[in-house]
Amino acid sequence: MSTISSQVPSEAFPTSPQAVLGEVIHKHPEGHVSFGNAADRRALALATAATAEEKRRAAMALREALEATSRQSDPRHRRPIRLSVALLVMAAIVLGESMLVGLMIAHSGFSSPAALGAISTALVGSAWLEALALREKHRVEAVVIGLVLLLAILLLGAIDQEVRPGIVPWLEAIILGLICAASVRVIKDTEPGRVAVTRFAYQKSLRQAEASRRVATSDREAAESATAAFLSLVSHEAASILACAPPNCCHVEIDDVVALARHALDLVSEGDDSTSQRKLWGTYNPSTGEEVIDLDGIAATLVSCDKNESPLERN
């Protein structure tokens, strides 16, 4: 890596940290590029860290909403079955129920797809109404609906008995009754729909927060790497410049130069666009891309700031 110590005349030797840093940024072949790269990556890391924190807070808010909705809808946790599981189980129950009803009416005079659909729908609807009545503790309604459901199953068994005499039709009716009872229990113990919707939103927000966290971590590591490369360049070149200082030259500490370089990165990397921030601390020509940083102004702000902590480190 080339140095610039030989390019500094003794009569114009830098006598302040900002002058030494200016030599590195404005005259070293890699100085300006390294400074801009570090500033851009730090600005991006700060932006993605803010986004990740916003996503995390949104996920935590949805988590609190889920807990509140669950407490309000089911305070005693008597409906433990997840909606997704209940839908799968009910799909299997409806399929088995339809096959069994189709078998029971296969040899009757009204064995048509329309009749099969109507009977299956009536059985599922009755099971749903029974579950609602039991859940809300409406005992009279529950008894009435249960009796109607039982009579419908017995009627199907009797119709099948007329076509196929024997015990098989009644066994089928018993199995159908057990299937309907299982569907009532599943519907009764399924969690409220708004709890499932809130949980889905929370899980989606949680995945987004985790993705944002990974992006923020990657950008932070890239920013730290670019910052370390720039500060290493500043430290090396400042040491080379100060090693050639005349005996009567004002003494400058390398640590002060590095601290100023870090502070300059902090200032220009604030906000989403580090290029526009650099305009605040110097002159920038969009046509040529040339830029001169106001290091004296940056050095003046360093007095009231902590030299050992940066916005990137705080996040």
**Request:** Compare the Cα positions of V144, I179, V85 along the charge dipole of the range 81-190 (+1 at Cβ of Lys, Arg; -1 at Cβ of Asp, Glu; about the Cα centre) and return the one farthest towards the positive end.
**Result:** V85
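Computed over the Cα atoms of the range 81-190, what is the ratio Rg over Rh, Rh following Kirkwood?
Working: Rg = 14.2 Å, Rh = 14.3 Å.
Reported Rg/Rh (Cα atoms, Kirkwood Rh): 0.99.
Within 10 Å of each residue's Cβ, count the other Cβ atoms and sort R57, R164 from fewest upward.
Least to most surrounded, the residues fall as R57, R164.
Only counting other Cβ atoms within 10 Å, I'd like K27, K137 sorted with the fewest neighbours first. Each step should come with its number before you reach the end.
Working: K27 14, K137 8.
Result, fewest neighbours first: K137, K27.
Give the dimensionless ratio obtained when the Cα radius of gyration of the range 20-152 is divided by 2.2 N^0.38 Å. Intermediate values should be presented prior to the final figure.
Values: Rg = 32.0 Å, N = 133, 2.2 N^0.38 = 14.1 Å.
Output field value: 2.26.
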**Between the range 57-89 and the range 166-199, the alpha-carbon center distance in angstrom** = 22
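Once the convex hull of the C-alpha atoms of the range 99-159 is built, how many Å³ does it hold per residue, rounded to a whole number? Present the calculation step by step, with values, prior to reporting the outcome.
Numbers: hull volume 4.1 nm³, N = 61.
Normalising the Cα hull of the range 99-159 by residue number yields 67 Å³.
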**Request:** Mind ranking 222-230, 143-151 by how tightly packed they are, going by the mean number of other C-beta atoms within 10 angstrom, highest first?
**Result:** 222-230, 143-151
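We did not get these values from a lab; they are worked out from the coordinates using the rules stated. These numbers were taken from a predicted model, which means no experiment stands behind them. Methodologically, a virtual Cβ is constructed for each residue, glycine included, from the backbone with ideal geometry; neighbour enumeration extends over all protein chains shown.
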